[in-house]
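Colleague: Can you keep this structure in mind? I'll have questions shortly.
No value in this document is a laboratory result; all are computed from the given coordinates. All values derive from a computational prediction rather than experimental measurement. Every residue, glycine as well, gets a Cβ built from its backbone with ideal geometry; the counts of neighbours run over all protein chains shown.
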Amino acid sequence: MELGAQFAIPAGLGIVEGGTIPYKPEALKKKQENFANRMKLDPEVKCYLPGVPRAMYMPYPFQIIQNPKWIMMIHEYAGAVRTIYMDNHTEAPADSWMGWSNGKWEGETLVIDTTGYLDTTWFDRAGNHHSDALHTVERISARSAETLNYEITIEDPNVFTRTWKMSFPLYKHVEPNAQITEYRCVEFSEEMLYGHLKKKGS
């Protein structure tokens, strides 16, 4: 690749419980096609909103703001904003990149039930995908003063043979004056998205 090691991803042990995503055969084929064409098809390459759960483990920070009626997650990547409605729960009025989230507290654990997803987000750069039937349930609880436990159950009968889970810790930024900054990803994507529209030289 032209960027050499700059766009490399360090090795990891994985966060899928059991190690394998339970794809249906036809969905696995699509995953493989996605991976083969990832530099053209991955929504991240185009600076599209990342969806859930991808927004939670991308290498960009996010901020949580809350009051009794809603919780907001403000992500640095693509300026993504997610609202979790803590009362007056309703169904999604329309499908969207980040889905429609209803939340509740079970003791000290925040439980987020989300539906209404578009089918155009991926879980990662490997091409793992879902349909618009995706249903996620996230559970977030305190692990320590500076870490959270995050668990998500994923259900999509159009793509997977059964429900499956991911879990991992979330780490608080503790450096002085930590804050969300602007990540100008649209400018990185302009050539890919609009380069074909440039006026050709004579």
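Colleague: Excluding residues fewer than 8 places away in the same chain, name every one of the lysines whose C-alpha is closer than 22 Å to that of K29.
Modeller: K40, K165
Colleague: Right, here's the next one. Aspartates and glutamates near K172 by alpha-carbon distance under 19 Å, same-chain residues fewer than 8 away left out - which ones?
Modeller: Straight-line reach from K172, under 19 Å: E76, E108, E138, E146, E151, E182.
Colleague: Of N177, S141, I15, which is farthest along the charge dipole of the chain in the positive direction, counting Lys and Arg as +1 and Asp and Glu as -1 at C-beta?
Modeller: Result: I15, furthest along the dipole toward the positive end.
Colleague: So in the chain, what percent of DSSP beta bridges are antiparallel if you round to the nearest 5?
Modeller: Values: 42 of 45 bridges.
Percent antiparallel among DSSP bridges in the chain is about 95.
Colleague: From zero outward in steps of 10 Å, how is the percent of C-alpha pairs of the chain spread across the bins?
Modeller: Bin by bin from 0 Å, the calculated values are 8, 31, 37, 19, 5, 1, 0.
Colleague: Let me have the 222 nm mean residue ellipticity of the chain computed from DSSP H runs of 4+ only, each contributing -39500 (n - 2.57), with the sum over all residues rounded to the nearest 500. Mind dumping the intermediate values first?
Modeller: On the way: 4 runs with 30 residues, N = 202.
Value at 222 nm, helices only, nearest 500: -4000 deg cm²/dmol.
Colleague: Here's another thing I want to ask about it. Could you give me the ³J(HN,Hα) list for segment 159-166, computed from phi with Karplus coefficients 6.51, -1.76, 1.60 and θ = phi - 60°, whole Hz, x at Gly and Pro?
Modeller: Each residue's phi maps through the Karplus curve to give 10, 10, 7, 7, 5, 8, 10, 10 Hz.
Colleague: Which far-off residues, 5 or more places away or on another chain, put their amide H under 5 Å from the one on W164, with H placed in the peptide plane?
Modeller: I154
Colleague: What angle do you read, to the nearest 10 degrees and between 0 and 90, between the alpha-carbon axis of helix 25-36 and the longest principal axis of the chain?
Modeller: It works out to around 50 degrees.
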